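S.K.: Dropping a structure here in structure tokens format, bear with me for questions.
The values are calculated or read from the model by the stated rules, or taken from the named source; none is laboratory data. The model shown is predicted, which means the values in this text are computed figures rather than measured ones. No Cβ is skipped: glycine too gets one built from the backbone with ideal geometry, and neighbour counts run over all protein chains shown.
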Amino acid sequence: MDVVIAGGHGQIALQLERILADAGHGVRGLIRNPDHAADLEAQGALGVVADLEEQDVDELADAIGSADAIVFAAGAGPGSGPQRKWTVDYAGAVKLMEVARRNQIDRYIIISSIRADPDAEDDGAFGTYLKAKGKADQKLMESGLSYTIIRPGRLTDDEPTGSIELGDERGEITRADVAAVAAAVLETPGTAGKVMVINNGPLPIAEAVQQVAAGG
Ligand SMILES: NC(=O)c1ccc[n+]([C@@H]2O[C@H](COP(=O)([O-])OP(=O)(O)OC[C@H]3O[C@@H](n4cnc5c(N)ncnc54)[C@H](OP(=O)(O)O)[C@@H]3O)[C@@H](O)[C@H]2O)c1
């Protein structure tokens, strides 16, 4: 596969790049800062300079070209104000849905969040984040693309455990395990059209992803 990862220098993205490159896939990561390209190269990925806020759909479509899948792993981050939840977490994701349609990239995987909800209270803080993420997820479900929505709990930097639980709306998960789930989802077309709420738990990731693909 030829996979494009938005938020290419993010903490989940860098780990996903390594997993995909080791599995023999072509991986490009979208980065704002050209100096980040070396960190992507160290993971076996190519950096493509693109800014989801500053560039429009035409420019992003040109920068991305053809690919088999897009993974949206970008985010404004915890230090950002409410406005950037809309310009990155929502509008950035939606722009890439349009790019996917234009460039005939059928597969789109989004790193969303536990409790993402289009009807969350727009409170200028965490509620705004959950609302922006929930609205992006809703757009993706309506997009006609082969989507998978991954909703992790609180992210940690602990060592990967290789196992998760599905469906619990409270919990935490390592960024490394989120990356492993995203890689397994990319390898499992049956996960298209599915929403996965994930936290660390007892189920091996491969088994959990198969369960989701089978409709569980
Ligand atoms: N924190 C949590 O507990 C939690 C829980 C559930 C889900 N999540 C979601 O998981 C996502 C991924 O997590 P993470 O820890 O890997 O994130 P991260 O390390 O903060 O990475 C986010 C990436 O998005 C990029 N970005 C920001 N604005 C951009 C723009 N305008 N154009 C292009 N790229 C842009 C950043 O680029 P720069 O390096 O240039 O800033 C950064 O590399 C988060 O963003 C969040 O939405 C988080």
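S.K.: Being more than 27 Å from ASP22 (Cβ to Cβ), more than 13 Å from the ligand (Cβ to nearest atom) and under 13 Å from the mean Cα position of the chain (by Cα) is true for just one of LEU140, LEU186. Which residue is that?
M.R.: LEU140
S.K.: Let me spell it out: the conditions are (1) in contact with a Ser or Thr (Cβ under 7 Å, 6 or more places away or on another chain); (2) crowded, with 23+ Cβ neighbours inside 10 Å; (3) touching a residue at least 60 places away in the same chain (Cβ under 8 Å), and ALA73 meets all of them except one. Which number is the exception?
M.R.: Here ALA73 meets the rest and fails (1).
S.K.: Quick check, is ALA125 farther than 19 Å from VAL209 by Cβ, buried (at least 23 other Cβ atoms within 10 Å of the Cβ) and within 15 Å of the ligand (Cβ to nearest atom)?
M.R.: Answer is no for this residue.
S.K.: Let me ask something else about it. Could you identify the single residue in ALA192, ALA184, ALA206 that is modelled with pLDDT of 95 or more and under 22 Å from SER143 (Cα atoms)?
M.R.: ALA192
S.K.: Another question, then. Which of the residues that make up the stretch 100-116 are more than 13 Å from the ligand (Cβ to nearest atom) and on the phi < 0 side of the Ramachandran plot?
M.R.: Of everything in the stretch 100-116, those that are more than 13 Å from the ligand (Cβ to nearest atom) and on the phi < 0 side of the Ramachandran plot turn out to be ALA100, ARG101, ARG102, ASN103, ILE105, ASP106, ARG107, TYR108.
S.K.: While we're looking at this one, here's another question. If you scan the stretch 78-97, which residues turn out to be in contact with a Lys or Arg (Cβ under 8 Å, 6 or more places away or on another chain) and either at positive phi or aromatic (Phe, Trp, Tyr) (or both)?
M.R.: TYR90
S.K.: From the residues in the stretch 148-198 that are among the hydroxyl-bearing types (Ser, Thr, Tyr) and touching a Lys or Arg at 6+ places or on another chain (Cβ under 8 Å), which one is surrounded by the fewest Cβ atoms within 10 Å (Cβ to Cβ)?
M.R.: Top of the filtered list is THR156.
S.K.: Let me ask something else about it. Check GLU159, GLU172 and return the single one that is modelled with pLDDT of 95 or more, under 16 Å from LEU203 (Cβ atoms) and among the charged types (D, E, K, R).
M.R.: Every option except GLU172 fails the conditions.
S.K.: Quick test for you: out of ASP39, ASP22, ASP51, ASP89, pick the one residue that is loosely packed, with under 15 Cβ neighbours inside 10 Å and of a type outside the set (Lys, Arg).
M.R.: ASP22
S.K.: Got a sec? Which of SER143, SER113 is part of a loop (DSSP other than H, G, I, E, B), surrounded by 16 or more Cβ atoms within 10 Å (Cβ to Cβ), among the polar types (S, T, N, Q) and in contact (Cβ under 8 Å) with a residue 12 or more places away in the chain?
M.R.: SER113
S.K.: In contact with a helix residue (DSSP H, G or I) (Cβ under 9 Å, 6 or more places away or on another chain), surrounded by 16 or more Cβ atoms within 10 Å (Cβ to Cβ) and at pLDDT 95 or above: is that true of ALA213 in this structure?
M.R.: yes
S.K.: A follow-up question, please. Any idea which of (1) loosely packed, with under 14 Cβ neighbours inside 10 Å; (2) touching a strand residue (DSSP E or B) at 6+ places or on another chain (Cβ under 9 Å); (3) charged (D, E, K, R) is the one ASP68 doesn't satisfy?
M.R.: Result: ASP68 fails condition (1) only.
S.K.: Let me ask you something else. When you go through (1) within 24 Å of ILE173 (Cβ to Cβ); (2) of a type in the set (A, V, I, L, M, F, W, C); (3) more than 15 Å from the ligand (Cβ to nearest atom) one by one for ILE150, which number turns out not to apply?
M.R.: All conditions pass for ILE150, except number (3).
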